[in-house]
Ligand SMILES: *Cc1c(COP(=O)(O)O)cnc(C)c1O
């Protein structure tokens, strides 16, 4: 049996008629940039999320960066980010000329440790970017409390967590603004790069919209130098066609997650913990195994693709070597990153595939069968 890490083709096949019709419609109307489809996407996503303003943009890295700029964050400012994420979460801070300040993450949850944030707050701190990594919400209540106390902006990085809930609230509706990526492999994926920002703050929404469109709201009325970060009509049409299916896909991911948990129980491989006040949307199904590289190689030989998200804590990447960080400054993430392994998970997976992955994992771990 072959088990790919994700299977975007299976999802396309499942809704080919809808996707093909949506694309054909854009081609007929030659509405390639902007226009009604992009507006319709912003309205539909805002409705689904429960936010007043959605601004579409080029990708989920731009959306973080544009939001930081919209909040006026720039040179001399510091922004608190988790030590464990995809690089975009920290990179966006550098791109606006500010400095990312890394905070260690919690073993087993993989999100920023709220108890360690306050010690990193200085007079230069302007914002916190919690990441709902793997699809599990960060512990938002203490983060929002600290933000209120120190007058900081909270921008949620929801790139891996479309539809996840914290105390019943969808992620992306708790902070001051939220960033979403629709990179093809995300839980809601376009067929190219795509992103969106969401907020209830009208002034921030307006500013973000101008920044993403050369500092203008109407043609040739450039109020300041902005940039070009647009969602194209084809991607908007694809996202619009897919959005009504997202909740169903999430339920399927959650069913697969539950089956994995049940079957993995005797193996002691530490699937991500899910606190009662959170729902996990399983962008990634992460486990921990001591002999990770060997396990990954053996699974590969058995036709199973896995991933490591991510092998190196952000502050220890070469990109941040000038910060002079040491693994001992981030003991939690440094201790668990050599052990983490992401197993295949996507809505169209079959029960047989999950059973096969677990069987092969038992063999790779030398667990008697
Ligand atoms: C994918 C991702 C991003 C960036 O999204 P792109 O659309 O690829 O630019 C940002 N943050 C996290 C946590 C991600 O997983």
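Data overview
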item: Residue among 223, 294 that is in contact with a helix residue (DSSP H, G or I) (Cβ under 8 Å, 6 or more places away or on another chain), surrounded by fewer than 17 Cβ atoms within 10 Å (Cβ to Cβ), modelled with pLDDT of 95 or more and under 27 Å from residue 67 (Cα atoms); result: 223
item: Residues that are assigned to a loop (DSSP other than H, G, I, E, B), within 16 Å of the ligand (Cβ to nearest atom) and in contact with a strand residue (DSSP E or B) (Cβ under 8 Å, 6 or more places away or on another chain), drawn from the stretch 108-144; result: 110, 111, 129, 130, 132, 136, 137, 138
item: Matching helices (runs of 4 or more DSSP H) fully within the stretch 1-107 where at least 1 residues are within 16 Å of the ligand (Cβ to nearest atom); result: 8-14, 36-49, 60-70, 88-95
item: Pick from the stretch 212-237, criterion within 22 Å of residue 182 (Cα to Cα) and out of contact with any strand residue (DSSP E or B) (no Cβ under 9 Å at 6 or more places or on another chain), ranking: nearest to the ligand (Cβ to nearest atom); result: 234
item: Subset tally (residues that are in a loop (DSSP other than H, G, I, E, B), more than 10 Å from the ligand (Cβ to nearest atom) and either more than 17 Å from residue 198 (Cα to Cα) or touching a residue at least 40 places away in the same chain (Cβ under 8 Å) (or both)) for the stretch 146-188; result: 13
item: Residue among 1, 15 that is within 30 Å of residue 354 (Cβ to Cβ), surrounded by fewer than 20 Cβ atoms within 10 Å (Cβ to Cβ) and at pLDDT below 95; result: 1
item: The stretch 311-324, residues that are surrounded by fewer than 20 Cβ atoms within 10 Å (Cβ to Cβ) and over 15 Å from residue 80 (Cα atoms); result: 311, 312, 317, 318, 319, 321, 322, 324
item: Test: residue 224 is more than 19 Å from residue 126 (Cβ to Cβ) and assigned to a strand (DSSP E or B); result: no
item: Residues being in contact with a strand residue (DSSP E or B) (Cβ under 7 Å, 6 or more places away or on another chain), surrounded by fewer than 24 Cβ atoms within 10 Å (Cβ to Cβ) and in contact (Cβ under 8 Å) with a residue 24 or more places away in the chain - total across the stretch 202-211; result: 4
item: Residue count, the stretch 270-305 (criterion: in contact with a strand residue (DSSP E or B) (Cβ under 8 Å, 6 or more places away or on another chain) and either within 16 Å of the ligand (Cβ to nearest atom) or without any contact (Cβ under 8 Å) to a residue 12 or more places away in the chain (or both)); result: 4
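The values are calculated or read from the model by the stated rules, or taken from the named source; none is laboratory data. As the structure is a prediction and not an experimental result, all values here were calculated from the model. We place every Cβ from the backbone using ideal geometry, glycine too, and count neighbours over all the protein chains shown.
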